[in-house]
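Okay, structure first, notes after.
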Amino acid sequence: MVLTLLLSIFMGIVLFWKIPFCKSLAINSKLPQLSVIIPARNEEVNLQVLLPSLLAQKMSIHEIIVVDDHSDDRTKWIAEKAGVKVLSLSSLPDGWMGKGWGCWKGAEEATGNILLFLDADTIMEQGGITRLLEYYRKEGGILSLHPYHRMKRPYEFLSSMFHMVIMASIGAFHMFRSKTNSAGAFGQCLVCDREEYFKFDGHSAVKGELLEHMAFGQHVIEQGGKVSCISGKNVISMRMYPNGLVSLIYGWTKSFAKGASATKLIYLFPIIIWINGLVTVSLQFVLIKEPVHLEVIVFFYGLFLLQWYWILSRIGNFGWISALLFPIHVMFFVLVFFSSFLKIFILRSVSWKGRTIQIKKE
């Protein structure tokens, strides 16, 4: 057991070796024209936070396009009231997923040199656009950011394990990673040159994918392009699933097992080893019978606690309590993961925002 837990700790170090983010950079020249594209379905609440954060940026944004996907609420009205461009989608074509279709039509409508695809539940930090474009000018290619997660209610902190697994599976922070490419892209925030986007056929190349940006990143890499992923700290943040625990469970259930199946084995195996150690320590507090084992478990509990705090401090406002209670987070993750596996690979159907998504066999 000791060797297993040591290996698990080491895998955690390997997976999260370095998590880069945008630092303050000097503006050396005029920044390019930026088109912000926001696919939105029933996002009236989130848009009232995101749009003001974009409009308050000191750097002028060329255009903001909200792509309304048949919303039943005031999504379109909120966007029009904010003075941004609104594009109402036609019926969803066969073979397309809703978000991918919205991104594609928004890109066709955009006139800026640089495209920024944002989920509606994100928030742009003050000066975030400037930092992002300065960093992008240095990196080029496709750049994807994992937004810094800001939470308010206790149940929201249960997303911790999901965020860590997502960041590990992308391969961007791996000790032995390539210097240029990640294994895909994050879903909430993606930046690319407009010409390069259409060169790689944009979202039309991955129109049937549930995890469109993960798939698009992989597609670009396969075509010889460059993909970089970083933390969104200091640039962009998000508050996921503020409407209650049920929405959080549904949100992670709809896609998580699918994401795991798309993860490269070189990253999947270390993730499994890492999670195995976490589960072992978590269960041992219940199953422990011999006092000598208690000392071992407490020792490794402390190591995992420190590791969790180090990782979580870079991806959200989780704090020491989340790290201390990691067994609860781990068990919650396991339960939701198996629920996701059942819905995606057995029932092949998930529901999200009033739309039933059928999962096709590959």
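What follows draws every value from the coordinates through simple rules; no lab data is involved. Since we're looking at a predicted model, the values are computed, not measured. Quick reminder, even Gly has a Cβ in these numbers, built from the backbone with ideal geometry, and neighbours come from all protein chains shown.
Between Ala56 and Lys264, what length in nm is gained on full extension when 0.36 nm per residue of separation is reduced by their alpha carbon distance?
Working: separation 208, 0.36 × 208 = 74.88 nm, distance 3.95 nm.
Here the segment from Ala56 to Lys264 would lengthen by 70.9 nm.
Mind pulling the angle between the C-alpha long axis of helix 160-169 and the longest principal axis of the chain? Nearest 10 degrees, somewhere in 0 to 90.
80
Given a Förster distance of 35 Å, report the FRET efficiency between Ser339 and Lys30 from their Cβ-Cβ distance, rounded to the nearest 0.05.
E(calc), rounded to 0.05, equals 0.10.
So for Trp101, Trp320, fewest C-beta neighbours within 10 Å to most, what's the order?
Fewest-to-most Cβ neighbours within 10 Å comes out as Trp320, Trp101.
Using the Karplus equation 6.51 cos²θ - 1.76 cosθ + 1.60 (θ = phi - 60°), what ³J(HN,Hα) coupling, rounded to whole Hz, does each residue of the stretch 231-247 give in order, writing x for Gly and Pro?
Per-residue couplings from phi come out as 6, x, 3, 6, 10, 9, 10, 8, 10, 8, 6, x, 8, x, 4, 4, 5 Hz.
Restricting to DSSP loop positions (anything but H, G, I, E, B) with no more than 15 other Cβ atoms inside 10 Å of their own Cβ, which chymotrypsin sites (Phe, Trp or Tyr not before Pro) remain in the stretch 152-195?
Phe176
Taking K and R as +1 and D and E as -1, what net charge do the other residues with C-beta under 12 Å from the C-beta of Val45 add up to?
Charge balance in the 12 Å sphere: -2.
Check cross-link reach from Lys85 to the aspartates and glutamates: straight Cα distance under 12 Å, and skip same-chain residues fewer than eight apart.
List returned: Glu63, Asp68, Glu109.
Mind giving me the FRET efficiency for Asp94 and Glu295? R0 is 41 Å, r the Cβ-Cβ distance, nearest 0.05 is fine.
After rounding, the FRET efficiency stands at 0.10.
Could you calculate, for the stretch 95-248, the ratio of the Cα radius of gyration to the Kirkwood radius, expressed as Rg to Rh?
Here Rg/Rh amounts to 0.95.
To test your reading of the geometry: what angle, between 0 and 90 degrees and rounded to tens, separates the Cα axis of helix 212-222 from the longest principal axis of the chain?
The two axes meet at around 90 degrees.
Using θ = phi - 60° and the Karplus form 6.51 cos²θ - 1.76 cosθ + 1.60, what ³J(HN,Hα) does each residue of the stretch 135-145 get, whole Hz, x for Gly and Pro?
5, 5, 4, 6, 8, x, x, 9, 10, 10, 10
Roughly what % of Cα-Cα distances in the chain sit above 40 Å, to the whole percent?
The answer is 12 percent, as a whole percent.
Per residue of the stretch 67-78, what does 6.51 cos²θ - 1.76 cosθ + 1.60 with θ = phi - 60° give for ³J(HN,Hα)? Whole Hz please, x for Gly and Pro, Karplus curve as stated.
For the stretch 67-78, the Karplus curve yields 9, 7, 9, 6, 5, 9, 10, 9, 3, 5, 5, 4 Hz.
Of Lys58/Lys226; Lys105/Lys254; Lys30/Lys226; Lys30/Lys199, which ones are farther than 27 Å apart at the Cα?
Pairs exceeding 27 Å: Lys58/Lys226.
Please give the net charge around Gly224, taking every other residue with its beta carbon less than 14 angstrom from that of Gly224, where Lys and Arg add +1 and Asp and Glu add -1. If you can, show how the numbers build up before the last one.
Details: positive: Lys199, Lys226; negative: Glu196, Asp201, Glu222.
Spelling it out: positives minus negatives among the neighbours equals -1.
Between Lys138 and Lys226, what length in nm is gained on full extension when 0.36 nm per residue of separation is reduced by their alpha carbon distance? Mind showing how you got there, number by number?
Working: separation 88, 0.36 × 88 = 31.68 nm, distance 1.27 nm.
Length gained between Lys138 and Lys226: 30.4 nm.
Output the pairs from Lys138/Lys207; Lys99/Lys233; Lys76/Lys264 with a Cα-Cα distance over 32 Å in this structure; if there are none, say none.
Lys76/Lys264
Treating the angle as unsigned and between 0 and 90°, give the value, to the nearest 10°, between the Cα long axis of helix 265-287 and the longest Cα principal axis of the chain.
With rounding to tens, the tilt is 50 degrees.
Among Leu132, Leu47, Leu324, which one shows the biggest mean-square fluctuation in a GNM of the chain, springs joining Cα atoms closer than 10 Å?
Looking only at Leu132, Leu47, Leu324, the largest GNM fluctuation is found for Leu324.
I need Thr280, Thr4 ordered by Cβ neighbour count within 10 Å, fewest first.
Thr4, Thr280
Quick one: length gained pulling Trp320 to Leu7 fully straight, 0.36 nm per residue minus the C-alpha distance?
Going from the current span to full extension adds 110.3 nm.
Please arrange Ile271, Ile221, Ile142 by counting, for each residue, the other beta carbons lying within 10 Å of its beta carbon, fewest first.
Ile271, Ile221, Ile142
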